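Colleague: Below you'll find the structure I mean.
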C-alpha cells in the first residue's frame, strides 16, 4: 500500500473515530448512560461514516470533480452532502432497528430532516478537508514545475547566444553584410536590421512560455534571409504554411533552432547547396511541423547539435508531456526530415510530466 493511500485510510479512520468519541462525550454530558445500546449505535455510526465517505470519494474520482473550478464544485458538494447525509440516516435507522432488539427508532419527518442536515454538514466538512488537501498538493507540485521551468528558461537563454547565435555565426553574418555595403547598401541595411531582429527576438522570446507560429515564422524569415545573404543560390527555401496554423502556439525559437540545424549541419556541408522545405499543417487540434533539408544526419553529431535536439525534446515534454511528439531522421540518402506534433493548448496546469501517474487519494 502506497504512503498516500495509508495517509488516506489513517485520516478516514481517525477522523470518524474522533467524531464518534465526541458524540459519546456529548451524550455523557447530556446524562445518558453508556450502555450496550449506545455502544452499538456509536459503532454503527463509525462504520457507516467510513463506508459512506469512502463511497463519496469514489464518486468524486469517477466524475472528475478534482478538475472542476470552485464555482462548479460548490453546488455539487452541497447536493452530494445532503444526499449522503440522508442515506446515512436512513441506513443507520434500519441497522439500529434490526440489531437492537425491542428498541424502535420512531423518528418524525422533522427529526429526520434535522439529522440529515447535521450529517450533511459533516460531509461538507469532510469535502472541505479532502479538496483542500488536493489543492495544497497540486499547488506544491505546480511550484516545483514552475521552478523547473524557470531553471530551464535560464539555461535556454544563456545557451542561445552560446550555441544558436554564437560568435562564429555573428562573425560570418557580419562578413556577408560587409561585402554588401559598397555593392548593395540597401540590402546591407536590410541584413543588419534582420540580424538585430534575431538578436532582440532571441532575448525577448526566450522569456515567453509559448508564442504564435506567426511570430516564430517572422523570426525564421529574418534568419533565412540573412543566411541567403551568405549562401545566395546555394540555399533554396520552400514554405507551405497553412493559414490556420499561424494562430497555433509553440515554444519560442523551437522552429528556428531546427531550421538553423538543417542549414548549418546539412545544406552548408554540400558544395552545390540544397533545399529546405518548411511545412505547417493542422489536424485534430494539433500543429504538424515538418522541416526537411538536404544533407545527412551523422551518428557522431557535434555537442552543439545534441544540445539543440535535447533542448527541443525537454521543452516539448515540460509543456505538453506525451501529447507532443518530435523525431528527426534520414528520410533517404539525400535528405533529413524533422517532424513535430504540438497540441493546440498546453496542459491545464501549464506542464505535464512523463513520470508514471500516481494513485489519487
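Quick note: the coordinates plus some simple rules give every number you see, no bench work behind them. The structure presented is a predicted model; accordingly, all values stated were derived computationally and were not measured.
Colleague: Rounded to the nearest whole Å³, what is the per residue volume of the convex hull around the Cα atoms of segment 3-143?
Modeller: 131 Å³
Colleague: For residue 5 and residue 181, calculate 0.36 nm times their separation in residues minus their Cα-Cα distance, and state this gained length in nm to one decimal.
Modeller: Full-extension gain reported as 56.2 nm.
Colleague: Further question on the same structure: Normalised by the empirical 2.2 N^0.38 Å for globular proteins, what value does the Cα Rg of segment 165-343 take?
Modeller: 1.02
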